[in-house]
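See structure below.
Read-outs throughout are calculated quantities, based only on the coordinates presented, and are distinct from any laboratory measurement. Predicted model only: the values in this text are computed from it and were never measured. For neighbour counting, all protein chains shown are included, and Cβ atoms are generated from backbone atoms with ideal geometry for every residue, glycine included.
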Amino acid sequence: MATTIDQQPTINRATSVNGPIIFRLSATSTAGPKFRYVCRVKDGAGVEIVTLKAPPNAADEAVFDISLILRDYVKAALLNRLQTSAPVYTGAAANFPYTGYNPAAFFKVDLGSSEAADAASAPVTTYDHTDQKVNALIFPGDSGDEDWLGSIYNKGVAVADYRPSTGGAGWLSDIPTSSYSGILGGTSIEQYCTARDYRVCNFMYAANSTSGRDLGNEATVLKLSYYNTNTAANVNESYTLATELTVASTAITADRQMIAMAISGPKNWKTFGGLGIGAAISAGYVNTYEMRLEDGGGAAKSYTLVTHIVDVDCYNGNPMSLGWQNQAGGWDFFNFTQKRVKSTKSKRESFYKDAGTWQSSTTFKPWSDVEGGATTYIAENQRSIQLNTGWITDAESNLLESLFVSEAVFLLNPDNPDYATNVKLTNMSYTQKLNKNDGLFKYTITIEYGKTRKNR
């Protein structure tokens, strides 16, 4: 019997795998022998993942929720590099910063029914609808949950608009919007870094002409602007994504659609040779720089990402930096600037050996000082660090909400950008400054290293 799709994800929208991803089917008749509705889920290349069958419900329809299936394929990536020889990387498995998992993926779904000719015959499946598209991202919140959208993002931007588009956020970040108005203007998000910090920014890049996806590809240029105190002039630089930054649509495969750009931190720009801003930052001529995605005509296709370079001497020693996978599937970062306390908790397991020199050819000594007795067979050390923010603004506090719910958190090593270690948050407390109506907060958190030191 012919089937009709009564409900499905919007083709040109991003969909969270943590909310229901629903396909609802109806049929002209469900009375045939062994009738079942059928939903076949495939990856972006068209390879079958699983086939689901469901009998008609009380309304003679079927409701398939494929979100649990897609979660096994759309997972937090591992942050393993913050810079390398080139500033831009696609989501290919061998490229930074994706190791094994993809925070964004494209899927196809076939829908139809199966029915037997009679009670004794095997059912035959007919797909009336093939290659229905699902653009899935790791958004930890439900894409249909208005409270989640308002409280976490605080931006008034729908999940679907976290892509380079007119009025869209563009950058996959949880940084709240600000009132900052610089060279580029428009809606801005701000981050604070020292000159030694590497940073990564992310955005979706889907080209429907080559991959069959329908998210669109409105951004073609990265616009970089800054004020050079040496020349007392505003500097504007534009880099074409497809050529100068090598972000070609053909490089974005059918099952990956997120770009990681190791290009948003001051140390990244200092590392990459041949770029004017790198020399200016190294010489101390740049305090703030701005980036946004644009089309070929200069129209904004993202918020303006503003980076303020803070003198490390303004902090209480060298800050410790955490990077985490945010609720948009990209990476955000924060420097904990105040006093930190390191500690180690030891766990030991032991057993008792019989006393005596059993393995010696000399006179047996039942009470040897070194043989037998309590023997440690495992020693495990769990390292932790208590971090403090100092007084931060309400906007920075909102950003940390994203850290507290993240499933992937890493401690960064500024002296070795090829090294980051996974950690977990164990304790968090905060103090609010109430003597003034200035909305200041101070957070103290404790992190534990994801791996223990063991001696066996």
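Observations
- On full extension, the segment bounded by Ala116 and Val341 gains 74.1 nm, given 0.36 nm per residue less the C-alpha separation.
- Pairwise FRET efficiency - Thr362 versus Ala54, Cβ, R0 = 56 Å, nearest 0.05: 0.10
- Inter-label distance for Glu349 and Thr126, nm, one decimal - labels placed 7 Å from Cα along Cα-to-Cβ: 6.1
- R0 of 30 Å, Cβ-Cβ distance Glu237-Tyr180: FRET efficiency to nearest 0.05: 0.95
- Taking 25 Å as the limit for the C-alpha separation, the pairs Lys53/Lys133; Lys53/Lys108; Lys267/Lys442; Lys108/Lys223; Lys339/Lys424; Lys270/Lys339 exceed it in the case of Lys267/Lys442; Lys108/Lys223; Lys270/Lys339.
- Counted by neighbouring Cβ atoms within 10 Å, the residues Lys133, Lys301 run from fewest to most as Lys133, Lys301.
- Inter-probe distance in nm under a simple model that places probes 7 Å from Cα toward Cβ, at Ser29 and Asp43: 4.1
- Close amide H partners of Lys301, meaning residues 5 or more places away or on another chain with modelled amide H under 5 Å apart, are Leu293, Glu294, Asp295.
- Peptides 119-127, 194-202, ordered by how many other C-beta atoms sit within 10 Å of their residues on average, highest first, read 194-202, 119-127.
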